[in-house]
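Student: So that we are looking at the same thing, I have put the structure below in C-alpha cells.
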Amino acid sequence: MGRFYITTPIYYTNDAPHVGSAYSTVNADALARWHRLLGDETKFLTGTDEHGQKVFDAAHQNGHEPQEWTDQTSRRFREAWDALNISYDDFIRTTEPRHHESVQKFLGTIYENGYIYKDVYRGLYCVSCEDYYTLEASVDGKCPIHGRELTDMQEENWFFKLSAFEDRLVAYYADHPEFVTPETKRNEALSFIKGGLRDISITRTSISWGVKVPWDEEHVFYVWYDALINYLTAIGYGRDEAEVAKWWPYSNHLIGKEIIRFHCVWWPAMCMAAGLEPPSHVHVHGWLLIGGKKLSKTMAAEGGVKLTDIAPIELTNEYGVDPVRYYLLRETSLGNDGEFSLEGVTHRYNTDLANNLGNLVARVCTVVAAKCGGRGPSPESDSNLRTHAEEALEANVVGWQTFNPQSALEATWSLIGATNAYLEHHAPWKMEPGEALDAVMGDALEAIRLVAVLASPAMPGVCEEIWRRIGLAGTPTDRDFASARVWGQYRGEGLIEKGAPLFPRIKSEE
Ligand code: ME8
C-alpha cells in the first residue's frame, strides 16, 4: 500500500464550470477513488484560481467586486463537483490566507536564493491566457489559442531566472522518464526546454488583485506564479513541513494540454529554485472538442460554442450522475483529444449502461428471484468466467496505474460482455431449479460482484446500488482491492432485489 496525492488544475473563477473542467475533475476523482480502493493513503485536491486580470475584469463586467465575485463563482464550482459526486479531500481557493502565506514563503525563498531580479519587460499579452507571447509565437499579432488581439505591454517587473534551469531540467527529464506522461507530451515539454528558456516576468504593478510581493509591496505576483504554488499550499508548505515531506514525493498533477509549459517547465524549475524536488508526475490530457473546437469559457463568451447548454449540473440532471461520469471517463483516452456530444452521451448510456450492465443485473436478479428462492447461490471455483474476470482485474490494475481510465473500463465492460454471453449460452431462464442452475447463477453473481468493485471509481453510486441488489452487505469499496479481487467470494447475504431498471433507456435516440 502506498500513498497518492492527486490534483486537478485550479479553475479560473471568471465564469462558471463547464464540461471541460468537469472532464479533468471527474478523471482525477476516479483515479483518487481507485487508489483509495487499493488501500493507498490518498489526498485529492481541487480548487479555484481567483487572481489575475481575467478574473478581475470578469468581476467588474458583472458589476461585482473581485472578492464577492470569486466567492460566488467558486461556490458554483463546488456545487458542480457535489453534483458530480466528486470526493475531493481539500478545495483550495487562492484568495485564502493560507495560500498567500505559502506563496510568500515559497517565492521569498526563491528570492533569497538569488533567482529573482528586477528588469523592464515588454511583450504581447493575452488576457485570456494570462500569458505573454513573442511576435513569432503569435498568429498575425493574435493569440494562437484564443485568436484575440494581443496587447503590447511594458512593465518594470521582477523576473525569475528560468534560463538558469535549462540544463538542470534536461537532466531531471533524463533521470525521471515518467515525470511527464504520455510520452508525446513529455517530448513536447522537453523540446520546449531544449529550444532555450528565457527569464520570465513574475510580478505586476498594473493590478492589485493578487498576492503581494513580500519584499516589494507595490507589486503582486503574476497569477500563474501564485497559482502553481496551490499544490504546495494544500499540503502545508511553510506551515507544516512534515506534511509536505509526507505528500510531495507522491504528487500527481492532472492537467490539460494547453498548460504544459507552466507545469512541465516553469513549475519544476520553480521547485528547484526553492530547494524542493519537482512534483513526481504530471499527466497531460487532451481537449474535449465540440465540432472540432475546444470548449472554453473564453471562446464561449466570444460567441464560439454555447457552453451554458452543457453545464455539468444540467447534464447530471438530464442523464444522472454516474452516466455522465462514465461517459467522461470512457469515451476518450486520457491523453488524446475527444469529441463531446449529447448524442455520444445518449449512445453510451443506451449501449454500455442500459443494454450491457443494466440488462445483466436485471436478468440475473430476475432468475435468482424466480428460481433460486431469492438468495444468490455461491460461484463455482473453476468457472470459465473466472478467466475473463482475472483478465479484467489485471487490465484494471494496469489501466488505472497508467492514468488510462478508458482502458480500465473497456476491460470491465468485456467482463460484462463475457457474463452476458455466458448467460446466453446456458440460458438459465430455461433451466429447472437445482444445482446446475445454481452454479450458473453463482458465477454470474460473482462476476457482477467484481464488476461492482471495478466500476466503483467511475460510478460509485450505481455500484453501491448493484451491490445491494445482489444481496451483499456494505459497499463495493469496504475492502481493499487485493482482498476483494479474489474470485469466488460471492455469498448472498440478503435477498436479491430486482428493482426498477438501473438505466431506463433513453428513447430520443431510437
Ligand atoms: O488554466 N477539454 O484554468 P482554467 C478538456 N487557472 N479539459 C478542459 C477543457 C476542454 N475543452 N477546457 C478546460 C487554468 N479544461 C488555470 C490553471 S493550475 C495551477 C492553473 C480543463 O479554468 C483542463 O484541465 O482555464 C484545463 O487545463 C483546465 O480546465 C483549465 O482551466
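The values are calculated or read from the model by the stated rules, or taken from the named source; none is laboratory data. Just so it is clear, the structure is predicted and the values come from calculations on it, not from any experiment. In this analysis, Cβ positions are derived from the backbone assuming ideal geometry, glycine residues included, and neighbour counts consider all displayed protein chains. Remember, those area values only see protein heavy atoms, side chains included, never the ligands or the DNA or RNA. Shrake-Rupley method; radii C 1.70, N 1.55, O 1.52, S 1.80 Å.
Student: Go through the stretch 39-71 and give me each residue that's outside any helix (DSSP H, G or I), farther than 23 Å from SER456 by Cα and open to solvent by 10 Å² or more (accessible area, probe 1.4 Å).
Tutor: If the condition is that a residue be outside any helix (DSSP H, G or I), farther than 23 Å from SER456 by Cα and open to solvent by 10 Å² or more (accessible area, probe 1.4 Å), then ASN62, GLY63, HIS64, GLU65 are the ones that fit.
Student: Which one of these does ALA482 not meet: (1) in a helix (DSSP H, G or I); (2) buried (at least 23 other Cβ atoms within 10 Å of the Cβ)?
Tutor: With (1) in a helix (DSSP H, G or I); (2) buried (at least 23 other Cβ atoms within 10 Å of the Cβ) applied to ALA482, the lone miss is (2).
Student: From ALA421, ALA444, grab the single residue that is out of contact with any Leu (no Cβ under 8 Å at 6 or more places or on another chain) and of a type in the set (A, V, I, L, M, F, W, C).
Tutor: ALA421
Student: Restricting to the stretch 428-452, and then to whatever is within 41 Å of the chain's Cα centre (by Cα) and free of Cβ contacts under 8 Å to residues at least 60 places away in the same chain, can you tell me which residue is nearest to TRP34 (Cα to Cα)?
Tutor: Within the stretch 428-452, the match that is nearest to TRP34 (Cα to Cα) is ALA452.
Student: Just checking, how many residues over the stretch 433-448 are in a helix (DSSP H, G or I) and open to solvent by 10 Å² or more (accessible area, probe 1.4 Å)?
Tutor: 4
Student: Say we look at the stretch 10-23 and pick out the residues that are of a type outside the set (A, V, I, L, M, F, W, C) and more than 6 Å from the ligand (Cβ to nearest atom); which of these is farthest from ILE92 (Cα to Cα)?
Tutor: Taking the stretch 10-23 and keeping what is of a type outside the set (A, V, I, L, M, F, W, C), we get 11-15, 17-18, 20-21, 23.
Adding the requirement that they be more than 6 Å from the ligand (Cβ to nearest atom) leaves 13-15, 17-18.
On the way: THR13: 12, ASN14: 16, ASP15: 17, PRO17: 15, HIS18: 19 Å.
Among those residues, the one meeting the criterion is HIS18.
Student: Look through the stretch 37-52, keep the residues that are small (Gly, Ala, Ser) and within 11 Å of the ligand (Cβ to nearest atom), and return whichever of them is nearest to PHE221 (Cα to Cα).
Tutor: Across the stretch 37-52, the extreme among qualifying residues is GLY52.
Student: A further question on this structure: How many residues does the stretch 367-386 contain that are open to solvent by 70 Å² or more (accessible area, probe 1.4 Å), part of a helix (DSSP H, G or I) and within 21 Å of GLU432 (Cβ to Cβ)?
Tutor: Step one: filter the stretch 367-386 for residues open to solvent by 70 Å² or more (accessible area, probe 1.4 Å), giving 370, 375, 380-382, 384, 386.
Now narrow it down to the ones that are part of a helix (DSSP H, G or I): 370, 386.
Filter once more, keeping what is within 21 Å of GLU432 (Cβ to Cβ): 370.
Of the residues in the stretch 367-386, 1 are open to solvent by 70 Å² or more (accessible area, probe 1.4 Å), part of a helix (DSSP H, G or I) and within 21 Å of GLU432 (Cβ to Cβ).
Student: Filter the stretch 207-261 down to the residues that are farther than 22 Å from ASN27 by Cα, away from the ligand (no atom under 14 Å from the Cβ) and not in a loop (DSSP other than H, G, I, E, B) and list them by number.
Tutor: LYS212, VAL220, GLU241, ALA242, GLU243, VAL244, ALA245, LYS246
Student: Within the stretch 453-477, how many residues turn out to be part of a helix (DSSP H, G or I), of a type outside the set (Lys, Arg) and within 17 Å of ARG375 (Cα to Cα)?
Tutor: Total satisfying the criteria: 3.
Student: Pairs under 7 Å by beta carbon, first residue farther than 19 Å from ARG168 by Cβ in the stretch 247-266, partner at pLDDT below 95 and among the β-branched types (Val, Ile, Thr), six or more apart or different chains?
Tutor: GLU258/ILE145
Student: Filter the stretch 105-117 down to residues that are surrounded by 13 or more Cβ atoms within 10 Å (Cβ to Cβ) and over 32 Å from the mean Cα position of the chain (by Cα), then give me how many there are.
Tutor: Matching residues across the stretch 105-117 total 4.
Student: Out of (1) surrounded by 15 or more Cβ atoms within 10 Å (Cβ to Cβ); (2) within 30 Å of the chain's Cα centre (by Cα), what's the single condition that is false for GLY471?
Tutor: Only one criterion in (1) surrounded by 15 or more Cβ atoms within 10 Å (Cβ to Cβ); (2) within 30 Å of the chain's Cα centre (by Cα) is unmet by GLY471, namely (2).
Student: From the list ILE10, ILE110, ILE92, ILE116, pick out the single residue that is in contact with a His (Cβ under 8 Å, 6 or more places away or on another chain), aliphatic (A, V, I, L, M) and more than 25 Å from ARG330 (Cβ to Cβ).
Tutor: The conditions single out ILE92.
Student: In the set SER87, SER74, SER102, which member is crowded, with 17+ Cβ neighbours inside 10 Å, within 26 Å of LEU315 (Cα to Cα) and hydroxyl-bearing (Ser, Thr, Tyr)?
Tutor: On the way: SER87 fails: crowded, with 17+ Cβ neighbours inside 10 Å; SER102 fails: within 26 Å of LEU315 (Cα to Cα).
Going through SER87, SER74, SER102 in turn, just one is crowded, with 17+ Cβ neighbours inside 10 Å, within 26 Å of LEU315 (Cα to Cα) and hydroxyl-bearing (Ser, Thr, Tyr): SER74.
Student: Determine which member of the set ALA427, ALA362, ALA389, ALA408 is open to solvent by 20 Å² or more (accessible area, probe 1.4 Å) and at pLDDT 95 or above.
Tutor: Criteria check complete, one pass: ALA362.
Student: Could you check the stretch 318-344 and list, in sequence order, the residues that are open to solvent by 30 Å² or more (accessible area, probe 1.4 Å), part of a loop (DSSP other than H, G, I, E, B) and under 21 Å from ALA80 (Cα atoms)?
Tutor: GLU331, SER341
Student: Let me ask another. Name the residues in the stretch 272-283 that are open to solvent by less than 20 Å² (accessible area, probe 1.4 Å) and either within 13 Å of the ligand (Cβ to nearest atom) or under 22 Å from the mean Cα position of the chain (by Cα) (or both), would you?
Tutor: If the condition is that a residue be open to solvent by less than 20 Å² (accessible area, probe 1.4 Å) and either within 13 Å of the ligand (Cβ to nearest atom) or under 22 Å from the mean Cα position of the chain (by Cα) (or both), then PRO278, PRO279, VAL282, HIS283 are the ones that fit.
Student: Moving to a separate point now. How many of the residues making up the stretch 129-161 are among the β-branched types (Val, Ile, Thr), surrounded by fewer than 15 Cβ atoms within 10 Å (Cβ to Cβ) and out of contact with any Phe, Trp or Tyr (no Cβ under 8 Å at 6 or more places or on another chain)?
Tutor: 2
Student: Can you confirm whether the stretch 24-36 contains a residue that is open to solvent by less than 20 Å² (accessible area, probe 1.4 Å), within 24 Å of ASP240 (Cβ to Cβ) and near the ligand (Cβ under 10 Å from one of its atoms)?
Tutor: Yes, some residue in the stretch 24-36 is open to solvent by less than 20 Å² (accessible area, probe 1.4 Å), within 24 Å of ASP240 (Cβ to Cβ) and near the ligand (Cβ under 10 Å from one of its atoms).
Student: Tell me yes or no: at least one residue of the stretch 84-94 is modelled with pLDDT of 95 or more, away from the ligand (no atom under 15 Å from the Cβ), out of contact with any strand residue (DSSP E or B) (no Cβ under 7 Å at 6 or more places or on another chain) and outside any helix (DSSP H, G or I).
Tutor: yes
Student: Let me ask something additional. Within the stretch 400-421, work out how many residues are more than 11 Å from HIS388 (Cα to Cα) and among the hydroxyl-bearing types (Ser, Thr, Tyr).
Tutor: Summing the residues that are more than 11 Å from HIS388 (Cα to Cα) and among the hydroxyl-bearing types (Ser, Thr, Tyr) in the stretch 400-421 gives 2.
Student: I'm trying to understand the selection: among the residues of the stretch 174-200, which are closer than 30 Å to MET153 by Cα, outside any loop (DSSP other than H, G, I, E, B) and touching a helix residue (DSSP H, G or I) at 6+ places or on another chain (Cβ under 9 Å)?
Tutor: The answer is GLU188, ALA189, LEU190, PHE192, ILE193, LYS194, ILE200.
Student: Hey, another quick one. Being over 30 Å from the mean Cα position of the chain (by Cα) and modelled with pLDDT of 95 or more is true for just one of SER163, SER208. Which residue is that?
Tutor: From the options SER163, SER208, the qualifying one is SER163.
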